[in-house]
1. Test of understanding: among A:SER133, A:SER147, which residue is buried (at least 16 other Cβ atoms within 10 Å of the Cβ) and assigned to a loop (DSSP other than H, G, I, E, B)?
2. Filter the stretch A:504-523 down to residues that are assigned to a loop (DSSP other than H, G, I, E, B) and free of Cβ contacts under 8 Å to residues at least 60 places away in the same chain, then give me how many there are.
3. Of all residues in the stretch A:570-590, how many are part of a helix (DSSP H, G or I) and either of a type in the set (Ser, Thr, Tyr) or within 8 Å of RNA strand B (Cβ to nearest atom) (or both)?
4. Consider A:GLY277 carefully, then state whether it is within 12 Å of RNA strand B (Cβ to nearest atom) and either open to solvent by less than 10 Å² (accessible area, probe 1.4 Å) or in a strand (DSSP E or B) (or both).
5. Could you pull out the residue among A:GLU12, A:GLU25 that is out of contact with any Gly (no Cβ under 8 Å at 6 or more places or on another chain) and over 30 Å from A:ASN548 (Cβ atoms)?
6. Show me the helices (runs of 4 or more DSSP H) found entirely inside the stretch A:445-503 where at least 3 residues are out of contact with any helix residue (DSSP H, G or I) (no Cβ under 8 Å at 6 or more places or on another chain).
7. Which condition number does A:LYS622 fail, the rest of (1) within 45 Å of the chain's Cα centre (by Cα); (2) free of Cβ contacts under 8 Å to residues at least 40 places away in the same chain; (3) assigned to a helix (DSSP H, G or I) being met?
8. Looking only at the stretch A:91-124, which residues are in a loop (DSSP other than H, G, I, E, B), modelled with pLDDT under 95 and closer than 30 Å to A:ILE50 by Cβ?
Amino acid sequence: MAIDEKFLSGYEPHKYEGDIYKTWEESGFFNPDVCIEKGVVSEDAEKFSIVLPPPNVTGTLHTGHASMLAIQDTMVRFARMKGFKTLWLPGTDHAAIATQSKVEKLLEKDGIRKHDLGREEFLKRVEQFAQDSHDTIVSQCRAMGSSLDWSREAYTLDKTRHKAVFLAFKKMYEDGLIYRKHRIVNWDPKGQTTISDDEVVREDRKGMMYTFKYSHDFPFPIATTRPETKLGDTAVAVHPEDSRYKDYIGKEYSFNFAGEDVTVRIVADEAVDPEFGVGALGVTPAHSQTDWEIAERHNLPVKQVINEYGKMMVGMEGVRDVKVEQARKAVVEWLRSEGLLMEEKEIDQSVGTAERTGAVIEPLPKMQWWIDVNKPIKDGKSLKNLMLDVVRDGNIEILPERFEKVYFHWIENLRDWNISRQIWYGHRIPAWYKEGETQISITSPGGNWIQDEDTLDTWFSSGLWTFSTLLDPEKYEEDFKVWLKNSRDGIYHPTTVLETGYDIIFFWVARMILMTTYLTDEIPFKTVYLHGLVRDKQGRKMSKSLGNIIDPVDVIKDSGADALRMALIVGIGPGADNNLSDDKIKAYRKFANKIWNASRFVLENIEGTNLSDIPELQDSHKAYIEEWKTLVQEITKEMEEYKLYLVGEKLYHFFWHRFADVVIEECKKDLNESSKYTLLFLLTEQLKALHPFMPFITEEIWKSLENKDSELLMVSKWPN
RNA sequence: GGGCGAUUAGCUCAGUUGGUAGAGCAACCCGUUUACACCGGGAAGGUCAGAGGUUCGAGUCCUCUAUCGCCCACCA
């Protein structure tokens, strides 16, 4: 047989990858409907569905994204070849706060601030940026070989998703699960918005603990790390059993503190630890979560002394209108000069900072929208209960299993979720106000109704993702169950598996379980497969400052998507971080070349061989085929259990060290009918088995095979 | 303050339900064998962090310790 000219040189991935992807895309087989239409999959086949965790439209993809694409595409291609009705649905995430702050930073470079532009014009800029990012992301997904059904692409902020968000909000509001309330929030003074508890990152820092008396007339000292907040104190709390303070409980004291008149009542509260500090806590309801709760229990007044910019609103010269850090120094100085300061000592403390901006969180009282996670709803169960039950009962399985414990622990400590944000990019809260009345509506109710200025936490819309992506835009229904059921793609819900990083188990996985279970009475997915972080060779996080970033685009250019995919999959179990190195990528680039060259040899020497005519086989050849079949049984089972990391390695080993080193070496000595059959059989089977892992090179070699069961390898049958 | 993970060959890591320790890379020796030098053959390399326990048998199960890492947490 005349060998294809392309085999004359080694494997050069960039020559083939683009065209192959185009061929796949044009075939339409990424779309399960086309697979059914063309008879590749039967109409009543079992479904396998998975949504792509939508990348944020904040820029380009990194190796973490590449790893998720590699893992998911391998799962998807395997399922498709196994004959499942397979859907992998793509999309991107508007990522509200992340995208907005990115654009703000870009504008800053040109000396433009968002308020100079106004809401509408600023949003136009954000949308343009989002569109550009989207285009880059989509082309990168293609470069990885992702067999995503682009005909179903969704965006968390598009029309259909907007309707879904509105409906979710409305339903939860009507059920009393979404409410608006004035209470302590995590305020980000830099981002000028509230954030949820999960977006607060704790940082260990050194701090000073000051022990002092409010005034010379005050009977005992208190201790705090934030003296400047004491201008807003309305009480002092002590433990009810603390003999040192028992006699003072119920008494009231007034004094001037750093230029502000302060009145405090001594209250007894169990929350105070008599062992800590001096056992007396100055209560600042407006600027501390704990104190707010104490204030609620004792019906204390709330006095705000710090504003949204992190500046003092009251106090003497040098305190008022000054940022809190500076004000703190001024207050300490004042205490010292008044002779009130008794002790200062350095302590370790954990400070809450904002995930996006890094600013120190300023707790402030604000009117915000919340989701109640404790309110009993269905059969007396709260959202918390729903979330716990589906995992506890085994309806949802988390891999690796140990993350189930992490998940339970998080839910048990979960507090109400603050869902409103004071930013512009995102789903506008569908609440309208007029004369103290509130109406929930997607469009203006007319008249003098004024819409809430805020937008929703980005995770609110991504929480709906497994089913909001499957809804028909034309068939809007007032009930998600009906809407989903009547939709063309409703059959793909619940999805089969959710594959995502363990770092967003709370942000996203838990929120999807919450929203979906409540809104649709269905679980969002049966299995959660959590991958780890991609790090550098030494196990460090990749970062610009370390200069250790591996860009997937560069790797694909140099070594091919197949090599990158293998380097991101083999040996990396769920939950494990991947220390990616150039050596590792190089190893799989060499493997691709090995496959290429071995295939050339086989193709050159199998003239007249047809797999449907099985010749009399030599014993050793029979044994090789048996060995392969045993391996197929093993890896098929492992693929079904999502143990891709084992299968990739086993296929690598078999191809190189059994097939190439042993079988080919033996067969080349005597190229008889038995040899030729064995070579062709094993090559054909291995191309199939390797295809989910290394789709490009296997498809390219497949083209040169004659007598195959399918024109395209991607829709051929998985070996058995 | 809780919880979790890691500790296996020089490096990066596998090791499924307990049954004689594995891979890749690196290093060493040999080989220009017409698929492949992005190669082949060969040899070397480990008291599986430490201590104790269960067992006929432990890298694997239990307890404790050490080092590193991660997550969670309203002690002001």
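The values are calculated or read from the model by the stated rules, or taken from the named source; none is laboratory data. Fair warning: this is a prediction, and the values are worked out from it, not measured in the lab. As a convention, Cβ positions derive from the backbone with ideal geometry for all residues, glycine included, and neighbour counts pool all protein chains shown. Ligands, DNA and RNA are stripped out before the accessible areas are found, and what is left, the full protein with its side chains, is counted by its heavy atoms. Shrake-Rupley method; radii C 1.70, N 1.55, O 1.52, S 1.80 Å.
1. From the options A:SER133, A:SER147, the qualifying one is A:SER147.
2. 2
3. Counting residues in the stretch A:570-590 that are part of a helix (DSSP H, G or I) and either of a type in the set (Ser, Thr, Tyr) or within 8 Å of RNA strand B (Cβ to nearest atom) (or both) gives 7.
4. No: the conditions fail for A:GLY277.
5. Residue meeting the stated conditions: A:GLU25.
6. So the answer is A:480-486.
7. With respect to (1) within 45 Å of the chain's Cα centre (by Cα); (2) free of Cβ contacts under 8 Å to residues at least 40 places away in the same chain; (3) assigned to a helix (DSSP H, G or I), A:LYS622 is out only on (1).
8. A:ALA95
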